[in-house]
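Before we start, here is the structure in question, set down as structure tokens.
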Amino acid sequence: MNSLHFKSFENFLLSSAIELDLASVVKDIIAACVDISGILSHSTIEGLTGSVDQQNSSGETQKQLDVLSNQILKDKLRLNKSVKFIASEEENNVVTAAPAGAYAVAFDPLDGSTNIDVNGAVGTIFSILPALNDGHPEASFLQSGNHQLCAGYVLYGPATQLVITFGKGTYIFTLQAEANMFMLTDAKVTIAKQTSEFSLNMANTRYWKREFGNYVQHLLDGSGGPRQKSYNMRWTGAMVADIHRVICRGGIFLYPSDKREKVTSGKLRLIYEASPMALIIENCGGSAFDERTSLLSIVPTSLHQKVPVIAGSTNEVHTCLNYME
Ligand code: AHG
Ligand code: MN
Ligand code: MN
Ligand code: MN
């Protein structure tokens, strides 16, 4: 079979003049993700599906693969002299790595981990911030998302893809497994401003605030309702896969706050999920908000803080925010 010719991630880093130390951190994250992708493909055969008898700081029961993916990323990054601090959805506290490192790396090692047992798409999300020298190790992660130097995710789907931004456009690379290289398959991705597709867990309808419920009802009313258009719905239960669809073909991704005790401030984590996704989406010309504020402007007050997420096609995001006012 003939392969098309694409630019490699390595060449992209060179031609974009990404600072060498930052590039080395990104390359290590991606190498860990390639290892995770290999483990995922063997996980059923090797008995790596299912949960461990342990909870993370968000009160979720960890899967074996949550723990393993976390370990792979942590082991790789601890060896990089430029990584000072590591924070993860699966670690209670910040891990201190190289004292002279310039970067703080946050990640969701395995996103959508309930999909593991059904061989559904999952991902890894990461964010790189400048490490601060003063204060508590947590301080480096308690910076607003605007400070991110790089954010990305790896989607483990039919193909393994890397979606990444250094703050000047968002780029999609596809893993060419035989060559062990990510190749640039979509440069300067743009999210359509208008959409007629939404991504939302409809099973939570009874917990929503009235304003959000009205917005969704009007989506469902279709062309005969106030929005005068028919909407379609897609939800895989993995933020990486659901956001990826929004990036590739437009749409709005919604995880609002609701009345459940654990979800009063949303379900998704600001540092590991919302903030990096917001940088990626804004670099595609999309928008990313909690229920009123730009996600990138929120200064976290704690490591595992949760936020509502309303993100994707700009016009639809602003329509939703108007309902929430
Ligand atoms: P994680 O697997 O990293 O804990 O993240 C799960 C998140 C996110 O991927 C997804 O959008 C959301 O949880 C799904 O929530 P529901 O269980 O309400 O569908
Ligand atoms: Mn989790
Ligand atoms: Mn997640
Ligand atoms: Mn996770």
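Any read-out appearing in this document is the output of simple, stated calculations on the displayed coordinates, not a laboratory observation. Everything numeric here is computed off the predicted structure, so don't read it as measured data. When we count neighbours, we look across all protein chains shown, and the Cβ atoms used for this are built from the backbone with ideal geometry, even at glycine.
Taking the options 88, 82, name whichever one is among the polar types (S, T, N, Q) and over 20 Å from the mean Cα position of the chain (by Cα). Break it down stepwise before answering.
Details: 88 fails: over 20 Å from the mean Cα position of the chain (by Cα).
Step by step, each of 88, 82 is checked, and only 82 is among the polar types (S, T, N, Q) and over 20 Å from the mean Cα position of the chain (by Cα).
Still on this structure: Just one of 121, 106 is over 23 Å from residue 180 (Cα atoms), within 17 Å of the chain's Cα centre (by Cα), surrounded by 14 or more Cβ atoms within 10 Å (Cβ to Cβ) and within 16 Å of ligand 1 (Cβ to nearest atom); which is it?
After applying the criteria, what remains is 106.
I've got another one for you. Of the residues 18, 45, 86, only one is among the β-branched types (Val, Ile, Thr) and over 23 Å from residue 238 (Cβ atoms); which?
Answer to the selection: 18.
Another one. I'm trying to understand the selection: among the residues of the range 238-261, which are part of a helix (DSSP H, G or I), of a type in the set (Val, Ile, Thr) and more than 10 Å from ligand 1 (Cβ to nearest atom)?
Answer for the range 238-261, where residues must be part of a helix (DSSP H, G or I), of a type in the set (Val, Ile, Thr) and more than 10 Å from ligand 1 (Cβ to nearest atom): 246, 247.
Can you tell me which residue is nearest to residue 322 (Cα to Cα) among those in the range 246-272 that are within 16 Å of ligand 3 (Cβ to nearest atom) and touching a helix residue (DSSP H, G or I) at 6+ places or on another chain (Cβ under 6 Å)?
Once the filter is applied, the top-ranked residue is 253.
While we're looking at this one, here's another question. Being over 26 Å from residue 254 (Cβ atoms) and part of a loop (DSSP other than H, G, I, E, B) is the filter here, so list the residues in the range 160-187 that pass it.
Here is the first cut: in the range 160-187, the ones over 26 Å from residue 254 (Cβ atoms) are 160, 166, 168, 173-185, 187.
Listed by number, the residues that qualify are 166, 168, 180, 187.
Cβ-Cβ below 8 Å, separation at least six or inter-chain, first residue in the range 262-283 and in a helix (DSSP H, G or I), second of a type in the set (Phe, Trp, Tyr): which pairs?
Partner pairs satisfying both residue conditions: 263/207; 271/141; 272/107; 276/126; 276/153; 277/153; 280/153.
Also: Would you please list the contacts, defined by Cβ atoms under 9 Å and residues six or more apart or on different chains, that run from a residue in the range 51-71 that is touching a residue at least 24 places away in the same chain (Cβ under 8 Å) and under 20 Å from residue 31 (Cα atoms) to a residue that is within 13 Å of ligand 3 (Cβ to nearest atom) and in a helix (DSSP H, G or I)?
65/113; 65/116; 66/113; 66/116; 69/113
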